[in-house]
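Participant: Below is one structure. I have some questions about it.
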Amino acid sequence: MTLKEKCKILQFNDLGDERGKLVVIEGGQAIPFEIKRVFYIYDSDSSVIRGQHANKESEFVLINVAGESKVRITDGKEEMIVELNKPMMGVYIPKMIWKDMYDFSSNSVLLVLASTHYDGNEYIRDYDEYLKAIEEMPCE
Ligand code: TYD
């Protein structure tokens, strides 16, 4: 599978009306996992790089519900950059994908939906270690 096929861009439906927009994301429906955790990142700016890790167990969906940011994603072979700039779009990040979030606008609120509860031990924060782990993974 290519990186683009693995890390799908998701378009959510707008159920809004004249009163405003409404986006609903249901675990296992609009996104491919049940949601166990939600966190959001704000007050970052264009000088900051966040993420810089891969997760052995967690899957994520990233959505900029306000403002914008970018996420650089790699599986160690291919790389893609996704501009998160609409509350109705997100990107799905499966397990064992390296990600860097950067270029946050000052009003950026980056919402992250996760498939797991937090466990610091499932993070790989060293890129060389990540590449080694990918090499040792059984072929897809
Ligand atoms: P970190 O993983 O560095 O954030 P990012 O992925 O945005 O770069 O997390 C920052 C701190 O917050 C770190 O001490 C771990 C803690 N943390 C939790 O306790 N629970 C969580 O769900 C997350 C994402 C982070």
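Rule-based calculations on the coordinates, nothing more; no lab input. Everything numeric in this text was worked out from a predicted model, so none of it was measured. All Cβ positions, glycine included, derive from the backbone under ideal geometry; neighbour counts span all protein chains shown.
Participant: For the pair residue 53/residue 34, report the inter-label distance in nm, with labels modelled 7 Å from Cα in the Cβ direction.
Facilitator: Going from the residue 53 label point to the residue 34 one covers 2.4 nm.
Participant: Would you calculate, for the chain, the mean residue ellipticity at 222 nm contributed by helices, counting each DSSP H stretch of 4 or more residues as -39,500 (n - 2.57) and dividing by all residues, to the nearest 500? Intermediate results must be reported in sequence, preceding the final value.
Facilitator: Values: 2 runs with 13 residues, N = 140.
Result for the chain, helices only: -2000 deg cm²/dmol.
Participant: Let me ask you something else. For residue 26 and residue 79, compute 0.36 nm times the residue count separating them, minus their Cα-Cα distance, and round to one decimal in nm.
Facilitator: On the way: separation 53, 0.36 × 53 = 19.08 nm, distance 2.83 nm.
Extending this stretch completely gives an extra 16.3 nm.
Participant: Moving on. If eta is 1.306 mPa s and T is 10 °C, what Stokes-Einstein diffusion coefficient results for segment 4-121, Kirkwood Rh from Cα pairs, in µm²/s? Before the final figure, lay out the partial values.
Facilitator: Numbers: Rh = 14.6 Å.
In µm²/s, the coefficient is 109.
Participant: Taking R0 as 25 Å, what FRET efficiency do you get between residue 3 and residue 118 from their Cβ-Cβ distance, rounded to the nearest 0.05?
Facilitator: According to the calculation, E is roughly 0.45.
Participant: For the chain, with only Lys/Arg (+1) and Asp/Glu (-1) charged at the beta-carbon, what is the dipole magnitude about the Cα centre, in debye rounded to 20?
Facilitator: On the way: 17 positive and 25 negative charges, 44 e Å.
Computed charge dipole of the chain: roughly 200 debye.
Participant: Right, something else. Order these by the 10 Å Cβ neighbour count, fewest first: 39, 60, 33. Could you put the intermediate results ahead of the total?
Facilitator: Numbers: 39 11, 60 25, 33 17.
If I rank by nearby Cβ atoms, fewest first, I get 39, 33, 60.
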